[in-house]
Amino acid sequence: MPDTSAYKEDLRRLSDELIRLQKPIKILDAIKWPREIEARFLENNGKQLPAIDAEFYQRLPLPFDPDKTRQELTELRLQTRKRLGRYDKLGKILIANIEQYLQVIDMLQHRGKADFGEFSRRLYGSANHKLHGDRHNLRQLGDRLSYIFSLPAALRSNRHHPKEIAAPEAVDILGRRLKDYFHSDDIRVRLSDGIVSDAAVGGDTVKLNSKALFSQSDLDVYEVHEGWVHVGTTLNGRAQPWATWLSVGSPRVAAAQEGLAVLMETITLSSNPGRARRISDRITAVDMAEQGADFIEVFNYFCGQNLSKRDSYRVTQRVFRGGMVQGGSYFTKDISYVRGYVENINFIRSAITAGIPEIIPMLFVGKLAIEDIPVLYQAHREGLIAAPKYLPPMFDNFSGLYAWFGFASGMAGIDLKGVQRHFSHLFKQLPNAEPMFELLEDTEFDSNAD
């Protein structure tokens, strides 16, 4: 990999150009639904499809000229190959991101049409895709997790997280926490009337829905998920001297980003069974849509799984935004959370067992795909990539992380079904108590995915 001033300047100039071109390409803004759609659907008891079609999206013009931007991205791809070289490894990553944005333009030009779903599958993947090195697909893992997180003990645990914090107070609490983490007044947490979800991130800003109520657990999750990961990797990317494209994320980085964010929720004990179930249920919703189910069929399925009508609507809406509510087209980004969670865990475990744990903090160096990390780490050693400026404490000094995942790797081969039988027998000896649920019989899924 060359290390000349001309190469560095070219890398910076090309990276900055990608940042400029992708700035108005905001996928979620281009496919979001207004809040009144939810109110109208629930008022009709879920009997009528939401009034969303291709004409609805036509009335939401894209904030960029697709033809012009496509032409500029194509020219940037040619310039990257010319200036950095066809075989340059950093150049290949940059080109991979450029090509992703070309596909994003194609996807957004087909909002509300059948081809939208196919473009989404190319960009984000499918619930039928298998995990790396394993024979099981994401739907099987999603079903397994949804079952675990809907057991009676999990449902009882959810009652300990009431939503009693109003949005203005939540902004103050979260703002103080992130200011302490980043040691900066530049990090903003603000109220927003323009988001449909309860929380969202844009660059160095965390937005909270002004009409929502929050639990303490919600704020714990947002601190590490939205703050430490999404904002943190943005700022680490901005701090890069040459590879500034690491501050922005194309769909190819979604799994690494969302999976790392969910991993942070779990290792900081910030999450809860209700949150975990919502993430797991999203895979089921994607798979049903891919199999041809319409909006009402998916909604009714989750109502039948003891989700509230509001929560059933919201998990369904996430999958049909941009697609077709009558079925046949869908948005598959929501598989990224569980897929990325597994991939991040397996990356960390593999780095430890391979004897190179020092590569693990590179997960936070910017917006990246896990497959990029070996190239980025080598570039870091050559002085082309800066180390992450903001790192969670367990990644900054990863000796504890090493012990955690070292134990996890060592115990991965234990027969969980046999262990459960052993402890189930012990639990039955408790006076005046019976198990709240039967021993898990569904052992087909092997959680020891490599």
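Quick notes on this one:
- Looking only at residues in the range 287-313 that are open to solvent by less than 10 Å² (accessible area, probe 1.4 Å) and out of contact with any Leu (no Cβ under 8 Å at 6 or more places or on another chain), the one that is nearest to Val224 (Cα to Cα) is Ser312.
- Considering the range 364-418, the residues that are in contact with a Phe, Trp or Tyr (Cβ under 7 Å, 6 or more places away or on another chain) and of a type in the set (A, V, I, L, M, F, W, C) include one that is farthest from Lys89 (Cα to Cα), namely Leu401.
- Residue within the range 307-322 that is in a loop (DSSP other than H, G, I, E, B), more than 30 Å from Asp396 (Cβ to Cβ), at pLDDT 95 or above and not basic (Lys, Arg) present: yes
- Subset of the range 264-273 (residues that are open to solvent by less than 30 Å² (accessible area, probe 1.4 Å) and within 13 Å of Gln216 (Cβ to Cβ)): Ser270, Asn272
- Test for Arg349: is it open to solvent by 30 Å² or more (accessible area, probe 1.4 Å), closer than 29 Å to Asp372 by Cα and either within 13 Å of the chain's Cα centre (by Cα) or modelled with pLDDT of 95 or more (or both): no
- Residue check, Ser5 polar (S, T, N, Q), within 20 Å of Arg238 (Cα to Cα) and either open to solvent by less than 90 Å² (accessible area, probe 1.4 Å) or modelled with pLDDT of 95 or more (or both): no
- Out of Phe182, Phe119, Phe149, sole residue that is surrounded by 14 or more Cβ atoms within 10 Å (Cβ to Cβ), closer than 20 Å to Leu269 by Cα and aromatic (Phe, Trp, Tyr): Phe149
Residues checked against (1) modelled with pLDDT of 90 or more; (2) open to solvent by 30 Å² or more (accessible area, probe 1.4 Å); (3) not small (Gly, Ala, Ser):
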residue	(1), (2), (3)
Asp372	yes, no, yes
Tyr390	yes, yes, yes
Phe398	no, yes, yes
Gln420	no, yes, yes
Gln429	no, yes, yes
Asn432	no, yes, yes
Phe437	no, yes, yes
Asn448	no, yes, yes
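- Subset of the range 316-340 [open to solvent by 20 Å² or more (accessible area, probe 1.4 Å) and among the aliphatic types (A, V, I, L, M)]: Met324
- Verdict on Ile19 being β-branched (Val, Ile, Thr) and assigned to a helix (DSSP H, G or I): yes
- One residue stands out among those in the range 59-75 that are assigned to a helix (DSSP H, G or I) and without any contact (Cβ under 8 Å) to a residue 24 or more places away in the chain: the one that is farthest from Glu297 (Cα to Cα), which is Glu75.
- Here Ile52, Ile95 are screened, and the one residue that is of a type in the set (Val, Ile, Thr), part of a loop (DSSP other than H, G, I, E, B) and at pLDDT 95 or above is Ile52.
- The range 141-225 holds helices (runs of 4 or more DSSP H) entirely within its bounds, and those carrying 2 or more residues that are acidic (Asp, Glu) and within 26 Å of Phe302 (Cβ to Cβ) map to 216-222.
- For the range 29-44, filtering for residues that are open to solvent by 80 Å² or more (accessible area, probe 1.4 Å) and either of a type in the set (Ser, Thr, Tyr) or free of Cβ contacts under 8 Å to residues at least 60 places away in the same chain (or both) leaves 4.
- Unmet criterion (only one of (1) modelled with pLDDT of 95 or more; (2) in contact with a Ser or Thr (Cβ under 8 Å, 6 or more places away or on another chain); (3) open to solvent by 30 Å² or more (accessible area, probe 1.4 Å)) for Asp143: (1)
- Restricting the first member to the range 91-119 and to residues that are farther than 21 Å from Tyr330 by Cα, and the second to residues that are assigned to a loop (DSSP other than H, G, I, E, B) and not hydroxyl-bearing (Ser, Thr, Tyr), the beta-carbon pairs closer than 7 Å and six or more apart or on different chains are Gly91/Gly85.
- Pairing residues of the range 170-198 that are among the basic types (Lys, Arg) with residues that are open to solvent by 30 Å² or more (accessible area, probe 1.4 Å) and part of a loop (DSSP other than H, G, I, E, B), at Cβ distances under 8 Å and at least 6 apart in sequence or on separate chains, gives Lys179/Asp185; Arg188/Asp204.
- Of all residues in the range 356-390, those that are over 22 Å from Ser5 (Cα atoms) and without any contact (Cβ under 8 Å) to a residue 60 or more places away in the chain total 10.
- Meets criteria (hydrophobic (A, V, I, L, M, F, W, C), within 16 Å of Gln109 (Cβ to Cβ) and assigned to a helix (DSSP H, G or I)) for Leu78: no
The values are calculated or read from the model by the stated rules, or taken from the named source; none is laboratory data. Keep in mind the model is a prediction, meaning the values are calculated, not measured. All Cβ positions, even for glycine, are placed from backbone atoms using ideal geometry, and neighbour counts span all protein chains on display. Accessible surface areas use protein heavy atoms only, side chains included; no ligands, DNA or RNA. Shrake-Rupley method; radii C 1.70, N 1.55, O 1.52, S 1.80 Å.
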